[in-house]
1. Averaging sequence separations of C-alpha pairs under 8 Å and six or more residues apart, then dividing by the length of the chain, give the relative contact order as a whole percent.
2. Determine the shape class of the chain: with a ≥ b ≥ c the square roots of the Cα gyration tensor eigenvalues, call it rounded for a/c under 1.5, and otherwise prolate if a/b is greater than b/c, oblate otherwise.
3. What is the percent carbon and sulfur in the accessible area of segment 162-257, measuring with a 1.4 Å probe over the protein chains and ignoring ligands?
4. Span-like helices, the chain: DSSP H, alpha-carbon axial extent 30 Å or more, mean Kyte-Doolittle 1.0 or greater, which ones?
5. Considering only protein heavy atoms and a 1.4 Å probe, what is the carbon-and-sulfur percentage of the accessible area of segment 72-137?
6. Per residue, how much accessible area does segment 16-81 show when a 1.4 Å probe rolls over the protein heavy atoms, in square angstrom?
7. Sequence-distant or interchain residues sharing an amide H contact under 5 Å with residue 44, placed H: which?
8. Taking only the alpha-carbon atoms of segment 1-115, what semi-axes of the equivalent ellipsoid follow from 5 times the gyration tensor eigenvalues under a square root, in whole Å, largest first?
Amino acid sequence: MTAAATTLARSQQRLAYALTAPAALLILAIYLVPIILVLVFSFTDFTLVRDGMSFVGLENYRQMAEDENFGNALRNTLIYAALFLPAAFVIPLVLAILIQDRQHFRSVLEVLFFLPVTSTLAAMALVWAALMDSKQGIINVALNSLGFDAINFLGDPDMVLLSLAIISVWSIIGFNMVLFLAGLTAIPPSLYDAAAVDGADTPLDRFFRVTWPMLGPTAMFVAVTSSITAFKLFDTVALLTQGGPDRASEVYLYLAFKEGFEYFNMGYAAALSFAFLLIVFLFALFQAGSADRRVRY
């Protein structure tokens with residue numbers, strides 16, 4: 001390489017660094033710096049009701065291990081995720097397959113199913129609260145008219161997590177359906193023709209031999225993002241149940257919020273938040289790694 005070419009290459013490299021520096025600094029400011037600060041505060045007894053703070057080592061993490069509320073919140077979050085994830089994955093997939101081949105009204109159906117995504121979940125949660133009201137909600141009115149007993153959706157400890165999962169599934173169906181539709185559109189029709197020659201005559205044969213294997217990357221993305229969404233449950237709990245009844249809907253992030261902004265134990269709340277980040281990261285890493293071995297790109 002000549003001296004002129006080397007100089008040009010170095011000049012282009014410096015220009016590339018200069019152009020990417022603002023984005024890199026923005027990512028550092030928005031993502032990495034807060035994570036580092038949360039990690040630092042998790043080793044202190046920082047509280048909003050006292051000046052100053054002291055280094056307490058792993059005391060907050062030891063308290064977490066002995067805290068019954070932590071175990072309850074983690075258990076509630078896992079139960080909620082177990083209710084939410086299958087529905088958030090299967091229902092959009094089925095809807096996408098049913099809509100894909102429609103000649104008429106496909107666009108109308110796509111818009112109708114996507115509408116909840118464009119809505120403010122906080123406002124729609126209040127609508128759902130009215131629908132699920134134990135006395136005057138339209139759902140219980142319909143159940144009573146059919147001869148069934150009314151259900152206390154948000155006041156029954158055995159029903160509240162399922163009710164919250166229904167609201168969350170309703171809000172995410174359209175988004176996941178659009179992702180699956182994009183994946184289905186990318187599958188070459190010739191693969192279905194080849195599968196038909198090999199004897200794949202029924203819709204189930206075509207799904208398991210062609211659609212499902214080709215949807216692998218999309219399915220993995222939907223699974224990982226839906227899992228993260230499940231663990232991030234907070235707004236509907238804060239608006240509708242405040243963790244009740246009897247802590248039956250107190251999920252992980254709501255517990256961290258209460259510790260930080262109701263009890264002002266910011267150090268303990270920081271430890272909860274950092275542990276939450278690790279749990280979600282490890283779960284997503286395991287899920288992506290497990291799915292990646294089965295996905296064909």
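The values are calculated or read from the model by the stated rules, or taken from the named source; none is laboratory data. Everything numeric here is computed off the predicted structure, so don't read it as measured data. In case anyone asks, the SASA skips ligands and DNA or RNA and just uses the protein heavy atoms, side chains included. Shrake-Rupley method; radii C 1.70, N 1.55, O 1.52, S 1.80 Å.
1. Values: 317 pairs, mean separation 83.8, N = 297.
Dividing the mean separation by the residue count of the chain yields 28 percent.
2. Working: a/c = 2.16, a/b = 1.04, b/c = 2.07.
Cα axes put the chain in the oblate bin.
3. Working: 2780 of 4070 Å².
Carbon and sulfur together cover 68 percent of it.
4. Details: long enough: 3-27 (36 Å, 0.72); 68-100 (48 Å, 1.35); 160-185 (38 Å, 2.16); 266-292 (38 Å, 1.69).
Helix filter hits for the chain: 68-100, 160-185, 266-292.
5. 69 percent
6. Numbers: 4530 Å² over 66 residues.
About 69 Å² of surface per residue is accessible.
7. Amide H to amide H, under 5 Å and 5 or more residues apart or across chains, residue 44 pairs with 56.
8. On the way: eigenvalues 336, 326, 34 Å².
So the equivalent ellipsoid measures 41, 40, 13 Å along its semi-axes.
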